[in-house]
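To keep things clear, I will list the structure first and then write my remarks on it.
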């Protein structure tokens, strides 16, 4: 075996070795790499009961209720299968609206209400001018969120 | 292939080719940058949800792609230099690292600026953002390693091993938005079906991607040439150039 072939072997061993190591590590930490839980996962009892965690889903249409005197707002998060009621007291991001995907950080209360202390908007991967969006909406197919609402 | 690598790896051959290449690449870069910037900031329509804030995509996405691309260059030239001991690939890796780090920083900072109004936060520790931050640390670690050794050959070899080990982060960054639930959105353009961006917004983006890539190529060619001159300063062909 020439020394060049040996070096090729060493480089391939490095690459194969770290691929295996990374796969094992990522599989082991799979759960911790999840940024948020869906309402269905919470319904199945996969989310932590005591400590704070994040929940992600779509804001159900006609579910946002604002308190006229302060910043308190309640809304329902859905993944089109299960629903979770969320209470939040704070400033909402620009993209927060009904049908929008959001991520909330907080704790589950015993009465199955999620009390959020942070609400983040999750943007989707669609970019288009308003006219195109309107034309698509008129045709009945805007984006995944809209389709989900139709499916519901 | 083997012969071609060695021919390309000869300093004089590389110097001559790069001289004639970099002129054209620079022209392409300037044209694409100006037209892409004008198209993105003036001609492209505002987004239906984000309004004008979406325009940061014209810097963020090309910078993020280049941060991954340059790391692949770093690792590939590391492998070439480990296996075939080609000096040019050492030089290319060494001059690429600071550019890659700058692009990574640009992607992270533009993302944070966009994140505040859109998501409601500058930073979250989701899989995409965290792995991109690790990429920045890999670049910085590579640069630190390069300056830690006086002997350039040892520095190049150590850097090559680090670059090869770090390459595992590249697929993780790319697929992070698909493997795990992240706050960062999924891919818009690099998915198999048609891109989820209107073509009036896509064209300036493509121009900006070309501009960022050609900027990298030009910078690498210029810096590599100056390193070659420094390294080969005693050879006859360099003396001939400098004599003229």
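Output the number of residues of the range A:21-39 satisfying the condition of being at pLDDT below 85 and closer than 13 Å to residue A:53 by Cβ. Even if it seems obvious, please write down each step before you answer.
In the first step, residues of the range A:21-39 are kept if they are at pLDDT below 85; the result is A:27-35.
Next, only the ones that are closer than 13 Å to residue A:53 by Cβ stay: A:31-32, A:34-35.
The total comes to 4.
Name the single residue, out of those in the range B:23-51 being within 30 Å of residue A:121 (Cα to Cα) and surrounded by fewer than 14 Cβ atoms within 10 Å (Cβ to Cβ), that is farthest from the chain's Cα centre (by Cα).
Filtering first and then ranking leaves B:51.
Mind checking which residues of the range B:176-233 are assigned to a helix (DSSP H, G or I), facing chain A (nearest Cβ under 9 Å) and surrounded by fewer than 17 Cβ atoms within 10 Å (Cβ to Cβ)?
B:179, B:200, B:202
Condition first: within 14 Å of chain B (Cβ to nearest Cβ) and surrounded by fewer than 16 Cβ atoms within 10 Å (Cβ to Cβ). Now tell me which residues in the range A:100-117 satisfy that.
A:117
Condition test on residue B:173, is it in a helix (DSSP H, G or I), touching a helix residue (DSSP H, G or I) at 6+ places or on another chain (Cβ under 6 Å), closer than 30 Å to residue B:122 by Cα and without any contact (Cβ under 8 Å) to a residue 12 or more places away in the chain?
Numbers: in a helix (DSSP H, G or I): yes; touching a helix residue (DSSP H, G or I) at 6+ places or on another chain (Cβ under 6 Å): yes; closer than 30 Å to residue B:122 by Cα: yes; without any contact (Cβ under 8 Å) to a residue 12 or more places away in the chain: no.
Answer is no for this residue.
Testing residue A:78 on (1) in contact (Cβ under 8 Å) with a residue 60 or more places away in the chain; (2) surrounded by fewer than 17 Cβ atoms within 10 Å (Cβ to Cβ), one condition comes back false. Which one is that?
Among (1) in contact (Cβ under 8 Å) with a residue 60 or more places away in the chain; (2) surrounded by fewer than 17 Cβ atoms within 10 Å (Cβ to Cβ), the lone unmet condition for residue A:78 is (2).
Can you confirm whether the range B:81-104 contains a residue that is within 12 Å of chain A (Cβ to nearest Cβ) and touching a strand residue (DSSP E or B) at 6+ places or on another chain (Cβ under 6 Å)?
The answer is no, given that none of the residues of the range B:81-104 is within 12 Å of chain A (Cβ to nearest Cβ) and touching a strand residue (DSSP E or B) at 6+ places or on another chain (Cβ under 6 Å).
Restricting attention to the range B:114-147, which residues are surrounded by 18 or more Cβ atoms within 10 Å (Cβ to Cβ), assigned to a helix (DSSP H, G or I) and facing another protein chain (nearest Cβ under 8 Å)?
B:118, B:127 - these are the residues of the range B:114-147 that are surrounded by 18 or more Cβ atoms within 10 Å (Cβ to Cβ), assigned to a helix (DSSP H, G or I) and facing another protein chain (nearest Cβ under 8 Å).
Each row is one residue, and each column tells you yes or no for (1) at the interface with chain B (Cβ under 10 Å from one of its Cβ atoms); (2) under 14 Å from the mean Cα position of the chain (by Cα); (3) under 25 Å from residue B:161 (Cα atoms); (4) free of Cβ contacts under 8 Å to residues at least 60 places away in the same chain.
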| position | (1), (2), (3), (4) |
| --- | --- |
| A:8 | yes, no, yes, yes |
| A:35 | yes, yes, no, no |
| A:74 | no, no, no, yes |
| A:93 | yes, no, no, yes |
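The values are calculated or read from the model by the stated rules, or taken from the named source; none is laboratory data. No experiment lies behind these values; they were computed from the predicted model shown. Every residue, glycine among them, receives a Cβ derived from its backbone with ideal geometry; neighbour counts consider all protein chains shown.
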